[in-house]
Amino acid sequence: MVDINIAIIGAGPAGLSAALELKKLGFDDLVVFEREDEAGGTPRHCGHLGFGMFEFKQLLSGPNYAKKLAEKAAQKGINVQLKSTLIKVEDGILTFSTPEGIKQYKPTCTLFALGARETPRSDRLVSGGRSPNIITTGTLQRFAYLQKIKPFEKAVIVGSEIVSFSAIMSAKHLGIKVEAMIEEKEQIESFCILKYITKLFLNIPVYTGVKLENINTQDKAVQSVTISKDGKKEDIACDGVIFTGKFTPESSMLQKSFVDFNTQNSSLNITQNFQSSSDGVFVAGNVTRGALAAFRCYFEGKKVASKIKDYLNFKHTPKIIKIEADENVSWYYPTMLDIKSPLEGHLTTLRLKNRAKGIIKIYLNDRLVGTKKVWAFPFISISIPWKDIELKEKDNIRLEFLANS
Amino acid sequence: MEHIDLNHIFPKRVSNFAKDELFDIAVVGAGVVGCAIFKEFCEQGAKTVLIEKANDILEGASKGNSAILHTGFDAPPGTLEHECIQRGYEEYMKIKDEYNLPFLNTKALVVAWNDEQLAKLDAILQKGLGNSVKELEILSHEQILKREPNLSSDAKGAILVHGESLIDPWNTPLAYLKKGISCGGKTAFSHKVTGGHHDGKCWELQTSQEPIKAKVVINAAGLYSDIVDAIKGTKDFKIIPRKGQFVIFDETAYNLINSIILPVPTKRTKGVVITKTAFGNILVGPTAEDQESRTNSDTVKETLEDLKQKAFHMLPALKNHKVTATFAGLRPASDETYYRVGINDEKNWITVGGIRSTGLTSSLGLAKHIFELNDKKYEKNPKTDTKVTITNISEFAPREYQKEDYGKIVCHCECVTEKEIRDACHGESGAGNISGLKRRTRAMMGRCQGFNCEAAVTQICKNEVQNG
């Protein structure tokens, strides 16, 4: 077993930027662990442009952005251990499976930057048959940009988040015809303009307010999907179905290993300093909630690095109070406050499940202490302000959303 | 960009025996029962061929079940099913170590959730004792919660069945297949039996590829056993496929229970079970839905939702865990509740049909039974010198990735190595399609369902097949 100062799990934008920043702050005893063959994380297989503008003032494709991050890490002499899969966390010891065998590390401080994944067909409980051609955007991207394999010819895309449009681009790249995009909600789950671009310029029908009734298969080959709107059913012929979005943190290891797990976020509870209630355990990037853009993870990585520095220099243990949010909230972070540490006017960031106008009410020990008027979209984060009221141990903060009637 | 049909990465198999080869035994159907019978006859020295319409084993009823090794405590007393379950269990215990197969003795609790069910427990206990399952105990409400602290406090009472255990539903029959092959058995995959003729001495079976000749035909065609059986000239039963839908939860839920949680059974089915699996998940199911179709194993959203709710009622903490997979299996039930096993001595035709839901446990017992039925037909020449070991992929055995020099992990959810995937692509008992690869390795079966590895696994399989 090797004693190290800092272990970072995950060499995506959050993990690598934290490593770069920590290195800059003078921490050399640092190892980044990555289970894939290469560093860079999810952008490695997002073949389209749109990366790097805020971080590097450059418009890059996902793979080039990932490469740039990985190269920076290499230049700075950061120890990145590839092909290292974390298999166990117990008593502060991290156990990895690596091609050279099992390796164990005991870090003073660990940052989990494990990323997120899309919700596959299974957890959506969709009706119908089984086929290897029922996949997620992530799989499609890997087919397109890593393996260069075209798995099918005609696809239906389920969902209308930003990533769903990335699925269209990956499909286009592979020469797959997109027969339709279908969305259960009445409006698409991203900016309306994307709907019109898709319809008018790409000539792809976008159906909103439709239910995916069934995936029709024969001998494990997709034949069509059945959709319905207002009770009227229709079949769309296709040989592939792509489930997009509904990102969920890649957090099973955290759920198995730590007690203070937040099931609403599917991640560990964290303070405004990205600190969990386990000593020396930090969590940042997309594993703290659903997926946000790479640049947000990158800047979060920088920020968590400074918090890790504070922790290592002052060894302060947080004094924690919990924040609760009602069922309208799809995720929020931080989920706790360290009342020994400044809040800087900000309580938490959240997203609501549905489009709605209304107010978010902030309760401190059941007393209303603040409100925020919102016009919420499920794909836009809402920052909840906090006017400085002194907080004491055992205080409780609760957020409720009330839609305008 | 190259288009690859993911359903046909693996080539269609052809047989590797001479065209006019006359077999002692032709087993039709490579489900768990067919594989076990194949193994038995091959081991006893019979010249045996296993004929299967799909390109791999376990493509029908045997692919989807709850993976429990049953004691037979609630089997219909005095029936062949009862006999074969207990004999199958004994046989499994004899061979599991040689084959490197998993066996996890979790025990089972038959839980009564209301007074009506509570009143039935004694009858179940008596039935179990009558079925010569001796290790049974009645547990009180308090004793249940001591053993299963996460179970809903609605549990009124239970019977603890000590022998009930978990096994690997896929690599167990695969081991039988391998054993048969190593004893000289032949296989004919992608050979759909379409008809046959008995000339008074031997059978010539028509198939979708070349005809196959054998002295004795054993029909273990599962969901199609009634259709295949008609080839002998009489129609004795009808298969009524019974769909069972399942929900699998992430391994994060694994420690929520210790035992298999069984309901008080009804006449028709064992009911909805909550159990761990040998792969470290929690399984909930099955439903029991009679249907006409022999192929429709679609899942239905509302049914899956209902299964989840039933499970949450019994095990409330399960709510906090994600669903890893959903699937449905079709059990080959028949128009009667018993096994449809019989021999037509005149035509040398043996029927093994209607193996409705206990086939995984009873298969080895059935195989012994069938062999004895057919004992006088040819000379015994047992083969004792072959030894077969499979890769134990259960969560409780040392896995490949824990060893040195394994290469690298490709499927991160289930920790499947590249070497395991490559190995599973080769040989006569290798994968015949992607589902078969999944069953052999667990690749893509985890919580991300291929989000991370499907493309890479496809590439590896493609390369392995191309490069031989």
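The values are calculated or read from the model by the stated rules, or taken from the named source; none is laboratory data. Please read these numbers as outputs of a predicted model, since none were measured by experiment. Cβ coordinates were reconstructed from backbone atoms using ideal geometry, including for glycine residues, and neighbour counts include every protein chain displayed.
Just to be sure before I move on: is A:Ala18 over 21 Å from B:Ala455 (Cβ atoms), buried (at least 23 other Cβ atoms within 10 Å of the Cβ) and touching a residue at least 12 places away in the same chain (Cβ under 8 Å) in the structure I sent?
When the stated conditions are applied, A:Ala18 passes them.
Report yes if some residue within segment B:185-200 is surrounded by fewer than 24 Cβ atoms within 10 Å (Cβ to Cβ), modelled with pLDDT of 95 or more, within 20 Å of the chain's Cα centre (by Cα) and not β-branched (Val, Ile, Thr); otherwise report no.
yes
With (1) more than 11 Å from every other protein chain (Cβ to nearest Cβ); (2) over 25 Å from the mean Cα position of the chain (by Cα); (3) β-branched (Val, Ile, Thr) as the list, and A:Thr110 as the residue in question, which single condition is left unmet?
Result: A:Thr110 fails condition (2) only.
Looking at B:Asn219 and the list (1) within 26 Å of the chain's Cα centre (by Cα); (2) surrounded by fewer than 24 Cβ atoms within 10 Å (Cβ to Cβ), which single condition is not satisfied?
(2)
Can you tell me which residues in segment B:394-429 are at the interface with chain A (Cβ under 9 Å from one of its Cβ atoms) and either touching a Ser or Thr at 6+ places or on another chain (Cβ under 7 Å) or in a helix (DSSP H, G or I) (or both)?
B:Tyr401, B:Gln402, B:Tyr406, B:Gly407, B:Lys408, B:Ile409, B:His412, B:Cys415, listed by residue number.
Would you check which residues across segment B:252-308 are away from chain A (no Cβ under 13 Å), of a type in the set (Lys, Arg) and closer than 30 Å to A:Phe258 by Cβ and list them?
Residue satisfying the conditions is B:Lys276 alone.
Right, A:Lys211: more than 14 Å from chain B (Cβ to nearest Cβ) and either in contact with a strand residue (DSSP E or B) (Cβ under 7 Å, 6 or more places away or on another chain) or of a type in the set (Lys, Arg) (or both) or not?
no
Would you check if there is a residue in segment B:65-72 being more than 19 Å from B:Val272 (Cα to Cα) and within 17 Å of the chain's Cα centre (by Cα)?
No, that holds for no residue.
Six or more apart or on different chains, Cβ atoms under 9 Å: show the pairs whose first residue is in segment A:306-317 and over 21 Å from A:Leu16 (Cβ atoms) and whose second is charged (D, E, K, R) and assigned to a helix (DSSP H, G or I).
Going by the 9 Å Cβ cut-off, the qualifying pairs are A:His316/A:Asp310.
Quick one: would you say B:Gly432 is more than 10 Å from chain A (Cβ to nearest Cβ), in contact (Cβ under 8 Å) with a residue 12 or more places away in the chain and part of a helix (DSSP H, G or I)?
In short, no.
How many residues are under 23 Å from A:Ile168 (Cβ atoms) and either more than 8 Å from every other protein chain (Cβ to nearest Cβ) or assigned to a loop (DSSP other than H, G, I, E, B) (or both) if we restrict to segment A:113-137?
12
For the list (1) aromatic (Phe, Trp, Tyr); (2) under 20 Å from A:Ile384 (Cα atoms); (3) part of a helix (DSSP H, G or I), I need the number of the one condition that A:Tyr298 fails.
(2)
Just to confirm my filter: which helices (runs of 4 or more DSSP H) fall fully inside segment B:110-183 and include at least 3 residues that are surrounded by 14 or more Cβ atoms within 10 Å (Cβ to Cβ) and either in contact (Cβ under 8 Å) with a residue 60 or more places away in the chain or in contact with an Asp or Glu (Cβ under 6 Å, 6 or more places away or on another chain) (or both)?
Ranges flagged: B:115-130, B:171-182.
Listed here are the residues, each with its yes/no results for (1) part of a strand (DSSP E or B); (2) more than 14 Å from chain B (Cβ to nearest Cβ); (3) crowded, with 16+ Cβ neighbours inside 10 Å.
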| site | (1), (2), (3) |
| --- | --- |
| A:Lys23 | no, yes, yes |
| A:Gly26 | no, yes, no |
| A:Asp37 | no, no, no |
| A:Gly47 | no, no, yes |
| A:Gly50 | yes, yes, yes |
| A:Asn64 | no, yes, yes |
| A:Lys88 | yes, no, no |
